[in-house]
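Asks: Pasting in a structure now, in structure tokens, and then I'll have a few things to ask.
The values are calculated or read from the model by the stated rules, or taken from the named source; none is laboratory data. Predicted, not measured: the structure shown is a model, and the values here were computed from it. Glycine also receives a Cβ, built like all others from the backbone with ideal geometry; neighbour counts cover every protein chain displayed.
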Amino acid sequence: MKKLDTQSPDFQAELKTLLAFETAQNREIDRIVADICADVQKRGDAALIEYTNRFDGTSAQTIDDLILTQDDLQSAFERLPENIQTALKTAARRVESYHEHQKMESWTYEDEDGTLLGQQITPLDRVGIYVPGGKAAYPSSVIMNAMPAHVAGVKEIIMVVPTPKGERNDIVLAAAFVAGVTKVFTVGGAQAGAALAYGTESVPQVDKITGPGNAFVAAAKRRVFGVVGIDMVAGPSEILVIADGTTPADWVAMDLFSQAEHDEIAQAILIGTSQAYLDEVQTAMNRLIETMPRRAIIEASLGNRGAMILAKDLDEACEIANYISPEHLELSVENPQEWAKKIRHAGAIFMGRYTSESLGDYCAGPNHVLPTSRTARFSSPLGTYDFQKRSSLIQVSEQGAQKLGKTASVLAHGESLTAHARAAEFRLKD
């Protein structure tokens, strides 16, 4: 891992270089995705079957070969060992409970003239969730995307998940059963995003698409945004740990590994206030790496984008964290709730030495779909609110129309919009 020191005159430049990640769209991927999206929009199910067979190595003859029902999901759940069933239900229950607290409620109030104003909250009708199904299976992604939609009151939750070589993962399908998914299509890639966005003869058009995916999925989400809503276009996974030296070095080392093992371009950063402690963590990492099945990925990630930063104190560490705006921030310090007050930008804040980031990934309750690549400066975790809409309510009283009508008339004439002005003036008594 790179070693940085805040007292170095080159620190800011080194930090900027460390955080730099090429987010520019790949023109060749965009071209391929544009063609796929247009074809699915034009040919519907036929194109979806063709691309699924080509890219996933399946042999579907009809769209029915790519559809799973509630009975299929329940059967997958029942095939699992009891401990896995219990873990899925526990995680889903905790995620549901947390997201219940996020529900927005409608409200109204009246002006002194009797005019009613307010906001009406309604759920989206139908959403699509994308669940990766390539190198690894992610039942946690099913729960984190479906459960907030369920809590929001979304009536239809359509899941798409690729099944390479036709292999279906029972734990992913069981998670869909537990989380209340309505129907599953075993398709992935850009073609799945296009089918959800435009609809086909069999895949219903959704109002919003959420969930992670590869570069082709991300490009498809960018392309169809506007036709449907999307959650975000996420970058590589990130973790930033601020440690004051009171947490066992092995714990911190493994927390850094937990994100590095995702991908060779994932980012893991440790900020400490003691060089001796940073060295202790490095020693622990050198020892523990020998036990990691995904060692090659972890080493590539830490070598490419990992770093240890020596800060003069925790105040400075928090300011650096605000600049980095990480997806996951661990405050592995004494009095973490006090230090959390200094954090302005982070997707999720994990407070205290017993709060490993991995608990948030699976079962703590808050969502693990989080802003990456410094976008936590202006965006938030996926939540119940992402599956609800706000409509303004306006009911002007006769008395209110007299006052508001005159104001609107003046402003409308100022914009040379005569019909706007007349519409308000017609309701004036004089």
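Asks: Residue check: is Val281 at pLDDT below 95 and either within 28 Å of Ala215 (Cβ to Cβ) or in a helix (DSSP H, G or I) (or both)? Break it down stepwise before answering.
Replies: Details: at pLDDT below 95: no; either within 28 Å of Ala215 (Cβ to Cβ) or in a helix (DSSP H, G or I) (or both): yes.
Here the answer is no, as Val281 does not meet what is asked.
Asks: When you look at Asp39, is it among the charged types (D, E, K, R) and either farther than 22 Å from Arg222 by Cβ or within 25 Å of the chain's Cα centre (by Cα) (or both), yes or no?
Replies: Numbers: among the charged types (D, E, K, R): yes; either farther than 22 Å from Arg222 by Cβ or within 25 Å of the chain's Cα centre (by Cα) (or both): no.
No: the conditions fail for Asp39.
Asks: Go through (1) touching an Asp or Glu at 6+ places or on another chain (Cβ under 9 Å); (2) surrounded by fewer than 24 Cβ atoms within 10 Å (Cβ to Cβ); (3) not β-branched (Val, Ile, Thr) for Ser237 and report which single condition fails.
Replies: (2)
Asks: Provide a single number: the residues in the stretch 306-322 that are buried (at least 17 other Cβ atoms within 10 Å of the Cβ) and either of a type in the set (Asp, Glu) or in contact with a helix residue (DSSP H, G or I) (Cβ under 7 Å, 6 or more places away or on another chain) (or both).
Replies: Residues that pass the stated criteria total 8.
Asks: Right, something else. Test Leu88 against the criterion of being closer than 28 Å to Arg222 by Cα, touching a residue at least 12 places away in the same chain (Cβ under 8 Å) and either assigned by TED's automatic domain parsing to the domain that holds Thr283 or surrounded by 15 or more Cβ atoms within 10 Å (Cβ to Cβ) (or both), and give yes or no.
Replies: Details: closer than 28 Å to Arg222 by Cα: no; touching a residue at least 12 places away in the same chain (Cβ under 8 Å): yes; either assigned by TED's automatic domain parsing to the domain that holds Thr283 or surrounded by 15 or more Cβ atoms within 10 Å (Cβ to Cβ) (or both): yes.
Here the answer is no, as Leu88 does not meet what is asked.
Asks: In the stretch 150-175, how many residues are loosely packed, with under 15 Cβ neighbours inside 10 Å and among the β-branched types (Val, Ile, Thr)?
Replies: 0
Asks: Now for a different question. For the stretch 311-329, what are the residues that are closer than 18 Å to Glu357 by Cα and outside any helix (DSSP H, G or I)?
Replies: Ser325, Pro326, Glu327, His328, Leu329
Asks: Further question on the same structure: Are any residues in the stretch 54-112 among the small types (Gly, Ala, Ser) and assigned to a loop (DSSP other than H, G, I, E, B), and if so, which ones?
Replies: Taking the stretch 54-112 as the starting set, the residues that turn out to be among the small types (Gly, Ala, Ser) are 57, 59-60, 75-76, 87, 91-92, 97, 106.
Correct list: Gly57, Ser59, Ala60, Ser106.
Asks: Considering only residues of the stretch 71-116 that are out of contact with any strand residue (DSSP E or B) (no Cβ under 8 Å at 6 or more places or on another chain) and among the polar types (S, T, N, Q), which is nearest to Lys183 (Cα to Cα)? Outline the logic, then answer.
Replies: Applying the first criterion (out of contact with any strand residue (DSSP E or B) (no Cβ under 8 Å at 6 or more places or on another chain)) to the stretch 71-116 yields 71, 74-102, 112-114.
Subset that is among the polar types (S, T, N, Q): 74-75, 83, 85-86, 90, 97, 102.
Values: Gln74: 12, Ser75: 14, Asn83: 25, Gln85: 20, Thr86: 22, Thr90: 22, Ser97: 23, Gln102: 25 Å.
Ranking the qualifying residues of the stretch 71-116, first place goes to Gln74.
Asks: Scan the stretch 244-256 for residues that are surrounded by fewer than 24 Cβ atoms within 10 Å (Cβ to Cβ) and either within 25 Å of the chain's Cα centre (by Cα) or not in a loop (DSSP other than H, G, I, E, B) (or both) and jot them down. Please lay out each step first, then the result.
Replies: In the first step, residues of the stretch 244-256 are kept if they are surrounded by fewer than 24 Cβ atoms within 10 Å (Cβ to Cβ); the result is 244-251, 253-254.
Answer for the stretch 244-256, where residues must be surrounded by fewer than 24 Cβ atoms within 10 Å (Cβ to Cβ) and either within 25 Å of the chain's Cα centre (by Cα) or not in a loop (DSSP other than H, G, I, E, B) (or both): Ala249, Asp250, Trp251, Ala253, Met254.
Asks: When you scan the stretch 121-140, do you find a residue that is touching a strand residue (DSSP E or B) at 6+ places or on another chain (Cβ under 9 Å), closer than 30 Å to Leu66 by Cβ and free of Cβ contacts under 8 Å to residues at least 40 places away in the same chain, even just one?
Replies: no
Asks: Got a sec? Which of Ile289, Ile298, Ile269 is surrounded by 22 or more Cβ atoms within 10 Å (Cβ to Cβ) and assigned to a helix (DSSP H, G or I)? Outline the logic, then answer.
Replies: On the way: Ile289 fails: surrounded by 22 or more Cβ atoms within 10 Å (Cβ to Cβ); Ile269 fails: assigned to a helix (DSSP H, G or I).
Sole residue among the options that is surrounded by 22 or more Cβ atoms within 10 Å (Cβ to Cβ) and assigned to a helix (DSSP H, G or I): Ile298.
For (1) at pLDDT 95 or above; (2) hydroxyl-bearing (Ser, Thr, Tyr), each residue gets a yes or a no:
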position	(1), (2)
Gly226	yes, no
Gly229	yes, no
Gly235	no, no
Glu238	yes, no
Val241	yes, no
Asp244	yes, no
Thr247	yes, yes
Asp250	yes, no
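Asks: Further question on the same structure: Do you know which residues across the stretch 47-71 are crowded, with 16+ Cβ neighbours inside 10 Å and in contact (Cβ under 8 Å) with a residue 12 or more places away in the chain?
Replies: Ala47, Leu48, Ile49, Tyr51, Thr52, Phe55, Asp56, Thr58, Ile63, Leu66, Ile67, Leu68
Asks: In the list Arg93, Arg79, which residue meets the criterion of being among the charged types (D, E, K, R) and either in contact (Cβ under 8 Å) with a residue 40 or more places away in the chain or within 30 Å of Ile394 (Cβ to Cβ) (or both)?
Replies: Working: Arg93 fails: either in contact (Cβ under 8 Å) with a residue 40 or more places away in the chain or within 30 Å of Ile394 (Cβ to Cβ) (or both).
Result: Arg79 is the single residue among Arg93, Arg79 that is among the charged types (D, E, K, R) and either in contact (Cβ under 8 Å) with a residue 40 or more places away in the chain or within 30 Å of Ile394 (Cβ to Cβ) (or both).
Asks: For the stretch 6-46, give me each residue that is touching a residue at least 60 places away in the same chain (Cβ under 8 Å), outside any helix (DSSP H, G or I) and within 26 Å of Thr372 (Cβ to Cβ).
Replies: Passing the criteria: Thr6, Phe21, Thr23, Gln25, Asn26.
Asks: Say we look at the stretch 347-367 and pick out the residues that are more than 17 Å from Ala253 (Cβ to Cβ) and touching a residue at least 60 places away in the same chain (Cβ under 8 Å); which of these is surrounded by the most Cβ atoms within 10 Å (Cβ to Cβ)?
Replies: By that ranking, first place goes to Asn367.
Asks: Could you list, in sequence order, the residues of the stretch 113-142 that are crowded, with 18+ Cβ neighbours inside 10 Å and in a loop (DSSP other than H, G, I, E, B)?
Replies: Passing the criteria: Thr115, Leu124, Val131, Pro132, Gly133, Ala137, Tyr138.
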